[in-house]
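The values are calculated or read from the model by the stated rules, or taken from the named source; none is laboratory data. Only a predicted model underlies this, so the values are computations on that prediction, with no experimental measurement involved. A quick note on method: Cβ atoms are made from the backbone with ideal geometry, for glycine too, and the neighbour counts reach across all protein chains shown.
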């Protein structure tokens, strides 16, 4: 198994790096590097720039307006974007519902939704988790009852990212409760402007409003907005979750944060007349994480190799579990690196319009919010306990 980069891959990386550097607006790059909170408009703006380059949906096949890139090329694209300081794109349209529509949607649905998703004209959210139905997703209770050419939806979703800004939601609903839990689940595409939909913000410990509680009260959804067959939603949900869990590994983002930490450690004082990088304990923790991240990157390369060659493998089950722990550990070291400058943080200071004097270096203001936000990494997309069960079954054969 040869995991080294080919000449073609190195050429591809150079092309991506040069193009991204040339087209990334300086103000967006500055926002990312300063740690201020990005707004929906920032991500949409960058997505539209990529769409203008033909890169609006790089993971899609060419016949649906994508780039048709290999897994390795997609990884290079993601890594170069992260290293360049590009705003992260919302994954819900391009990496989640888009592939589901391509695999299971009708031609009418594909023609209606895919171009708008590719060009950042529709903003999507995911309606999966419910109170009591998070990791045990099959126990969901939001009901959809057929009424002529519509479904009448009643129930509640929770932890719904960007529901307050989304145009559409792809949601799991229960259309039949008579069989096993996994049976009777259906996927619906729901217009978030439909009468009967309401949402309340869930403000997380870092002071951000991303998550929401969403209620459905007699919401009418056309049957034409159903993905695939009624009652087969669990199959489609598993297909989508595979994409989501790969995203949460955050290899490219962790690579960028590690590089930032090294730069900070070479300049930040340690309080004893030296630099932070001169402290053996800090340097050892940073080195250990770099080794773990490199091992994760090699695991990812192995998974990509298996996908390219058709080899059966289960390395992908490890990516989400290990990747989230690495991202959490890096955020802990970042909070340690900024020391007391991280303590007096204000949520308002993370807004780009904040004009009060900075407390400490510019990179310090986002360290504690990042640390707190990353606590959720081992919960979202399937808790760590669930991931360990998957690894035990698929990798260890237990």
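Computed values, structure above
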quantity: Which numbered condition residue 138 misses (of (1) surrounded by fewer than 18 Cβ atoms within 10 Å (Cβ to Cβ); (2) modelled with pLDDT under 95; (3) not assigned by TED's automatic domain parsing to the domain that holds residue 193); calculated: (3)
quantity: Positions within segment 336-374 being assigned to a helix (DSSP H, G or I) and more than 21 Å from residue 203 (Cα to Cα), in sequence order; calculated: 336, 337, 338, 339, 340, 341, 362, 363, 364
quantity: Of all residues making up segment 203-212, the number that are part of a strand (DSSP E or B) and either surrounded by fewer than 17 Cβ atoms within 10 Å (Cβ to Cβ) or touching a helix residue (DSSP H, G or I) at 6+ places or on another chain (Cβ under 7 Å) (or both); calculated: 2
quantity: Complete set of residues in segment 66-79 that are surrounded by fewer than 20 Cβ atoms within 10 Å (Cβ to Cβ), touching a residue at least 24 places away in the same chain (Cβ under 8 Å) and assigned to a loop (DSSP other than H, G, I, E, B); calculated: 70
quantity: Single match in 155, 184, 132 (criterion: over 30 Å from residue 46 (Cβ atoms) and touching a residue at least 60 places away in the same chain (Cβ under 8 Å)); calculated: 155
quantity: Filter result (over 17 Å from the mean Cα position of the chain (by Cα) and at pLDDT below 95) within segment 72-101; calculated: 72, 73, 84
quantity: Flag if residue 186 is in contact with a helix residue (DSSP H, G or I) (Cβ under 9 Å, 6 or more places away or on another chain) and over 23 Å from residue 39 (Cα atoms); calculated: yes
quantity: Qualifying positions in segment 214-258 - closer than 17 Å to residue 322 by Cα and either outside any helix (DSSP H, G or I) or modelled with pLDDT of 95 or more (or both); calculated: 248, 249, 250
